[in-house]
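Asker: Would you mind keeping the following structure in view while I ask a few things?
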Amino acid sequence: VQLQASGGGLVQAGGSLSLSCTASGTISNVKSLGWYRQAPGKQRESVAHIIIGGPKIYADSVKGRFTISGDNAKNTVYLQMNSLKPEDTAVYYCNFVAGYSSDEYWGQGTEVTVSS
């Protein structure tokens, strides 16, 4: 199973981008869908997660601006990013957690650049 992320690009501050990530195969017993990001010189950080059957969780830095959604049946997760800021510039990675052992699956990353 591979995760394919898309939708990154270059946008001006205040603009919007929409990311999506789809699994190429079937992942059973998905427990969570999420997005992480890693800016140059920084550690990877959590951006937003959907706990299946539970809440959506957002990093404080993106609350009110980003919206995560998912289609478990299609093994797809989306991230709508509005009011983008230069500090949102990073490579964004999608993440699925699934299975009895809570296996993690990662996308290849899609780059988001926000110009000031």
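Asker: If you take the Cα Rg of the range 13-114 and divide it by 2.2 N^0.38 Å, with N the number of residues, what do you get?
Answerer: Relative to the 2.2 N^0.38 Å estimate, the range 13-114 comes out at 1.04.
Asker: For the range 57-116, what is Rg from Cα atoms divided by 2.2 N^0.38 Å, rounded to two decimals?
Answerer: Normalised by 2.2 N^0.38 Å, the Cα Rg of the range 57-116 equals 1.28.
Asker: Let me ask you something else. What size of dipole, in debye to the nearest 20, comes out for the chain about its Cα centre when the only charges are +1 on Lys and Arg C-beta atoms and -1 on Asp and Glu C-beta atoms?
Answerer: Taking the Cα centre of the chain as origin, the dipole is about 160 debye.
Asker: Want the number for residue 65 to residue 102: 0.36 nm per residue separation, take away the alpha-carbon distance, what's left?
Answerer: Working it through step by step, the gained length comes to 10.4 nm.
Asker: Considering amide H positions built from the backbone, and no H for Pro or chain starts, which residues 5 or more places from residue 47, or on another chain, come under 5 Å of its amide H?
Answerer: Those lying under 5 Å, H to H, from residue 47 are 35, 36, 37.
Asker: What is the percent carbon and sulfur in the accessible area of the chain, measuring with a 1.4 Å probe over the protein chains and ignoring ligands?
Answerer: Its accessible area is 47 percent carbon and sulfur atoms.
Asker: Using the Karplus curve 6.51 cos²θ - 1.76 cosθ + 1.60 with θ = phi - 60°, work out ³J(HN,Hα) for each residue of the range 12-21 in order, rounded to whole Hz, and write x for Gly and Pro.
Answerer: 7, 3, x, x, 10, 9, 10, 9, 9, 8
Asker: What's the tally of Lys pairs in the chain whose alpha-carbon atoms lie under 17 angstrom apart, where the two lysines are 8 or more places apart or on different chains?
Answerer: 4
The values are calculated or read from the model by the stated rules, or taken from the named source; none is laboratory data. Note that the coordinates shown come from a computational prediction; the quantities given were computed from them, not determined experimentally. Methodologically, a virtual Cβ is constructed for each residue, glycine included, from the backbone with ideal geometry; neighbour enumeration extends over all protein chains shown. For accessibility, only protein heavy atoms count, side chains too; no ligands or nucleic acids. Shrake-Rupley method; radii C 1.70, N 1.55, O 1.52, S 1.80 Å.
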